[in-house]
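The values are calculated or read from the model by the stated rules, or taken from the named source; none is laboratory data. Small disclaimer: the values here were computed from a predicted structure and weren't measured. No Cβ is skipped: glycine too gets one built from the backbone with ideal geometry, and neighbour counts run over all protein chains shown. We work out accessible area using only protein heavy atoms, side chains counted, and drop any ligands, DNA or RNA first. Shrake-Rupley method; radii C 1.70, N 1.55, O 1.52, S 1.80 Å.
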Amino acid sequence: EAQVTQNPRYLITVTGKKLTVTCSQNMNHEYMSWYRQDPGLGLRQIYYSMNVEVTDKGDVPEGYKVSRKEKRNFPLILESPSPNQTSLYFCASSLGLNEKLFFGSGTQLSVL
Amino acid sequence: DQQVKQNSPSLSVQEGRISILNCDYTNSMFDYFLWYKKYPAEGPTFLISISSIKDKNEDGRFTVFLNKSAKHLSLHIVPSQPGDSAVYFCAASGSGSGYALNFGKGTSLLVTP
């Protein structure tokens, strides 16, 4: 089954404790992206990747890192999480830019 | 600044009636528009799209209309069903955004029996 898989689904952590949210897609998509969803703000792009080893900032990249060492994986790294990063995170992939995105099920992160 | 705007945070419609969700955009370089549907505890799923060379696209009960001169698109759901209750996101892309998808804030649709 074609899908984007994120883990974990739920995560509670404390300020400053490094964490990684994993994302994997099995559709051989070139393009991958991370979004966060906050009440009243909709979906905002954090980082995206056009291909392996090619990443770029989205609209709200501060406090996040990403890497794209393999085509299928695109982990999101929070080196020193802060409470304002409490949010619902979605990973997505597509064949390329200007193509429809396929989303993962989301990761609800709470930073205390 | 928000380039894709959904000005109605919520909409309530009776089952069987038409639901109309609206979306406005500001970037005239957008040429591809999509609607996504999102249920609680799930990721958004693609619903329907339209390119700027068309003004209408239909898929079953869902129709998207595009008015380029007004920079406005709408999603019509006819007839509405309780299972359509979800948050609907409008998205747009084009050369003006580097082809990245820009999303609106979403409209929460409630279809009541």
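Among (1) assigned to a loop (DSSP other than H, G, I, E, B); (2) more than 14 Å from chain A (Cβ to nearest Cβ), which single condition is B:Ser8 missing?
All conditions are met except number (2).
So A:Glu30 fits all but one of (1) within 14 Å of chain B (Cβ to nearest Cβ); (2) under 14 Å from A:Leu109 (Cα atoms); (3) touching a Gly at 6+ places or on another chain (Cβ under 7 Å); what number is the exception?
(2)
Which of the residues spanning region B:23-64 are farther than 20 Å from A:Ser33 by Cβ and touching a residue at least 60 places away in the same chain (Cβ under 8 Å)? Break it down stepwise before answering.
To start, the set of residues in region B:23-64 that are farther than 20 Å from A:Ser33 by Cβ comprises B:23-24, B:26, B:28, B:39-41, B:48, B:50-64.
Matches in region B:23-64: B:Cys23, B:Ser28.
Restricting to region B:41-61, name every residue that is more than 12 Å from chain A (Cβ to nearest Cβ) and either in a strand (DSSP E or B) or open to solvent by 70 Å² or more (accessible area, probe 1.4 Å) (or both).
Those that are more than 12 Å from chain A (Cβ to nearest Cβ) and either in a strand (DSSP E or B) or open to solvent by 70 Å² or more (accessible area, probe 1.4 Å) (or both): B:Ile53, B:Lys54, B:Asp55, B:Lys56, B:Asn57, B:Glu58, B:Asp59.
Restrict the check to region B:93-109 and report whether at least one residue is assigned to a strand (DSSP E or B), open to solvent by 10 Å² or more (accessible area, probe 1.4 Å) and among the small types (Gly, Ala, Ser).
Within region B:93-109, one or more residues are assigned to a strand (DSSP E or B), open to solvent by 10 Å² or more (accessible area, probe 1.4 Å) and among the small types (Gly, Ala, Ser).
So, in region A:60-94, of the ones that are within 14 Å of chain B (Cβ to nearest Cβ) and touching a Phe, Trp or Tyr at 6+ places or on another chain (Cβ under 7 Å), which residue ends up nearest to B:Gln2 (Cα to Cα)?
A:Pro61
State whether one or more residues within region B:33-53 are basic (Lys, Arg) and either over 19 Å from A:Phe102 (Cβ atoms) or touching a helix residue (DSSP H, G or I) at 6+ places or on another chain (Cβ under 6 Å) (or both).
no
Filter region B:21-40 down to residues that are surrounded by 16 or more Cβ atoms within 10 Å (Cβ to Cβ) and farther than 30 Å from A:Tyr10 by Cα, then give me how many there are.
Within region B:21-40, residues that are surrounded by 16 or more Cβ atoms within 10 Å (Cβ to Cβ) and farther than 30 Å from A:Tyr10 by Cα number 10.
What residue, of A:Thr22, A:Thr55, A:Thr15, is part of a loop (DSSP other than H, G, I, E, B), hydroxyl-bearing (Ser, Thr, Tyr) and more than 12 Å from every other protein chain (Cβ to nearest Cβ)?
Sole residue among the options that is part of a loop (DSSP other than H, G, I, E, B), hydroxyl-bearing (Ser, Thr, Tyr) and more than 12 Å from every other protein chain (Cβ to nearest Cβ): A:Thr15.
In region B:62-72, which residue that is within 21 Å of B:Asn27 (Cβ to Cβ) and assigned to a strand (DSSP E or B) is nearest to the chain's Cα centre (by Cα)?
Result: B:Val64.
If you check B:Leu34, B:Leu75, which single one turns out to be away from every other protein chain (no Cβ under 14 Å), under 27 Å from A:Leu88 (Cα atoms) and assigned to a strand (DSSP E or B)?
B:Leu75
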